[in-house]
Amino acid sequence: MKYSIHNEDKVKEILKENGFPTFRYAQIENAVYKNFVTDFQEIQTIPKKMRDLLDENFTFNTFEVDTEKTSENGQTTKMLFKTSKWEFIEAVIMRHKTGRNTLCVSCQVGCPMACTFCATGKLGLLRNLETSEIIEQVYYAAELLNKEGQFLRNVVYMGMGEPFLNYENLKTSINFITHQKKIAIANRRVTVSTCGIVPGIEKFTKDFPQTSLAISLHAPNDEVRGSIMPVDHTWPLAKLMKSLDDYVDATNKRIFYEYIMINGVNDNIKLADELGRLLKGKLAHVNFIPYNAWEGTDSDGYQTTPRFIIEKFQKTLEKYGVVSTIRHTMWDDIDAACGQLANKKEDDK
Ligand code: SF4
């Protein structure tokens, strides 16, 4: 079995075992992360013996690319990776004309949180991803964009899984991708999205005051939230909002609140007022996400909220001084909502 080239400790260990000085790692690092070399034999700054050693022991891809689909407008590319154990995970590149190219990464295979509207939640948790597997997704996207003459600017941990349930690997991967000698994504351009794991928010506040935080809120009260997000039974809104206030006090950073709009479930206009009252005066930005219907599970029946109601929600929030955006569904044609492709693959299996 070959190790991932992104497993820095292992690379250094094998170099040392074979009598190469540690400064050699810096040459590999420069070739891989700055020049996007993806063939060890092309690293001309290191001796042939070392290139062969890397070939024998390391790989750029522990995953296989099972499917890669780009939307018709060319803005979105979704990758479905297959792990060596035939598990499927997803990552999505979203290209923006302004150069704000963003990658959405997964941090677990499946997810145990069982949000009722989520394709990944239907899979349950299969396992946590290793740090190098998270980095591999980022590297793959950075290299692909580099070939297009572009660069990866933002990384959002919003793919499959709950990041705070894989905290140590999340932490190491953020430190890695933001490192100047690695992929050098600016800390503030990394966003971690949680469904509301309060102890995770508390740790994150201490560890990553520069990094952005997004909350899958999806309802402004425990009754509705608890009916679609079981996490609310463990950490109800009062506890969640307290931890978020502490985050803002410590970091002075705006929090992104995600609100998926599901027809007849969480889109009663009274909830817009409740949401306004909940977030009034806070450093908050709400993203309304039209529900992306997906096939083949018992969530059949959920439909997206009509656009005019989403706009009414937005208008209502304005009265409370809360800023919001309605997301584009630019990826409908490629099943790019979290877990859709992986879910289909698991069904096939
Ligand atoms: S929405 Fe996020 S936390 Fe909820 S089940 Fe899906 S992946 Fe897990």
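Remarks
- Here the helices (runs of 4 or more DSSP H) wholly within the stretch 1-57 that include at least 2 residues being closer than 18 Å to Lys182 by Cα are 8-17, 23-29.
A quick yes/no check of all residues on (1) within 17 Å of Ala142 (Cα to Cα); (2) aromatic (Phe, Trp, Tyr); (3) in the same structural domain as Met229 (by TED's automatic domain parsing); (4) more than 16 Å from the ligand (Cβ to nearest atom):
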| residue | (1), (2), (3), (4) |
| --- | --- |
| Arg51 | no, no, no, yes |
| Asp55 | no, no, no, yes |
| Thr76 | yes, no, yes, yes |
| Gly110 | no, no, yes, no |
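- Qualifying position, being more than 14 Å from the ligand (Cβ to nearest atom) and in a helix (DSSP H, G or I), among Ile183, Ile135, Ile201: Ile135
- Extreme residue, nearest to the chain's Cα centre (by Cα), among residues of the stretch 138-167 that are away from the ligand (no atom under 16 Å from the Cβ) and under 24 Å from Ile255 (Cα atoms): Val155
- Test: residue in the stretch 310-329 that is modelled with pLDDT under 95 and either outside the structural domain of Met113 (by TED's automatic domain parsing) or within 16 Å of the ligand (Cβ to nearest atom) (or both): yes
- Scan of the stretch 112-132 for residues that are part of a loop (DSSP other than H, G, I, E, B) and within 8 Å of the ligand (Cβ to nearest atom), ordered by number: Pro112, Met113, Ala114, Cys115, Phe117, Cys118, Ala119
- Some residue of the stretch 235-244 being free of Cβ contacts under 8 Å to residues at least 40 places away in the same chain and over 25 Å from the mean Cα position of the chain (by Cα): yes
- Per this entry, Lys206 is not counted among residues that are more than 16 Å from the ligand (Cβ to nearest atom), closer than 27 Å to Asp267 by Cα and outside any loop (DSSP other than H, G, I, E, B).
- Scanning the stretch 78-108 for residues being within 16 Å of the ligand (Cβ to nearest atom), within 20 Å of Thr131 (Cβ to Cβ), outside any loop (DSSP other than H, G, I, E, B) and of a type in the set (D, E, K, R) gives a total of 1.
- Checked against (1) in the same structural domain as Phe151 (by TED's automatic domain parsing); (2) part of a loop (DSSP other than H, G, I, E, B); (3) not hydrophobic (A, V, I, L, M, F, W, C), Lys69 meets all criteria but (2).
The values are calculated or read from the model by the stated rules, or taken from the named source; none is laboratory data. Since this is a predicted model, take the numbers as computed values, not measurements. Ideal geometry is used to build each Cβ from the backbone, glycine not excepted, and the neighbour counts take in all protein chains shown.
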